[in-house]
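Below is one structure, written out as structure tokens; comments come after it.
The values are calculated or read from the model by the stated rules, or taken from the named source; none is laboratory data. Just so it is clear, the structure is predicted and the values come from calculations on it, not from any experiment. Cβ: placed from backbone, ideal geometry, glycine included. Neighbour counts: every protein chain shown.
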Amino acid sequence: MDQGTLVEQKIDAGRRFVERFAADGNPVRAAFWARTEEEGIWFLYVATDVVDSAGPAATYRAVHASLKKLGESWVSSSEIKVVSPTHPVAKGVLAIVAHHPGRLRAPLGALGSVAVEETYIYPPHIFTFTQVNPMTPEDVGREIVRLMNRAPSILQSSHVTLKDGSSFNGVPFSLQLGSQKAVVAQFVADGEAAPRIVRLDEITSIA
């Protein structure tokens, strides 16, 4: 991969890893790709309390365990850096997320005391699973359109959370007007033979 460009496959694979890592019981405070001026290459940073409570070695063992569950992935363990939430780069991202909770891709001069060339910050809802501010149906619709417009080579499943607290992983392939004039999305859901049909107003998050 050209180290100057963070490709969509890496972004999707990083999201899937962070979701899996959090779902495996590892609390995540922030997750983001960053290319520092010192190293000049992209790394996926995961700010987790596990670093403080169990130590870096145990945290990296948890990283390997989560990666193994994902199988083949565009992200390798050598690209992942786990840091304490008190690390300067993590504190810099947490300050940004406090004002901009959505996904953010932008050139930045510094994260805390660390000089960076560019960063991509994942929205907190992909690893908290208890959204305070769920996505609106309009937000959900825009995200589904974005996912359907991806290249065929990066058709990876998204994590979909519903209002009833349940969730599933699937690839959206259709948006249409259903009964009672409600907009519905159709997904190829992991492990399900028939397409899953879901009203947009039943979805609280998709990432």
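Details
- Residues of segment 60-72 that are more than 12 Å from residue 18 (Cβ to Cβ) and in contact with a helix residue (DSSP H, G or I) (Cβ under 7 Å, 6 or more places away or on another chain): 62, 64, 69.
- Flag not set for residue 42, criterion: crowded, with 18+ Cβ neighbours inside 10 Å and modelled with pLDDT under 90.
- Residues within segment 96-111 that are modelled with pLDDT under 80 and surrounded by 15 or more Cβ atoms within 10 Å (Cβ to Cβ), tallied: 5
- Those residues of segment 168-206 which are modelled with pLDDT of 90 or more, of a type in the set (Phe, Trp, Tyr) and surrounded by 15 or more Cβ atoms within 10 Å (Cβ to Cβ), in sequence order: 187
- Filtering 61, 20 for residues that are under 28 Å from residue 190 (Cα atoms) and without any contact (Cβ under 8 Å) to a residue 12 or more places away in the chain leaves a single hit, 61.
- Of all residues in segment 44-58, those that are in the same structural domain as residue 79 (by TED's automatic domain parsing) have Cβ atoms under 6 Å from Cβ atoms of residues that are hydroxyl-bearing (Ser, Thr, Tyr), 6 or more apart or on another chain, in 50/59; 51/59; 51/84; 52/84.
- Entry remark, segment 114-139: residues being over 15 Å from the mean Cα position of the chain (by Cα) and modelled with pLDDT of 85 or more number 5 in total.
- A count restricted to segment 23-39 and to residues that are without any contact (Cβ under 8 Å) to a residue 60 or more places away in the chain and either surrounded by fewer than 16 Cβ atoms within 10 Å (Cβ to Cβ) or basic (Lys, Arg) (or both) stands at 4.
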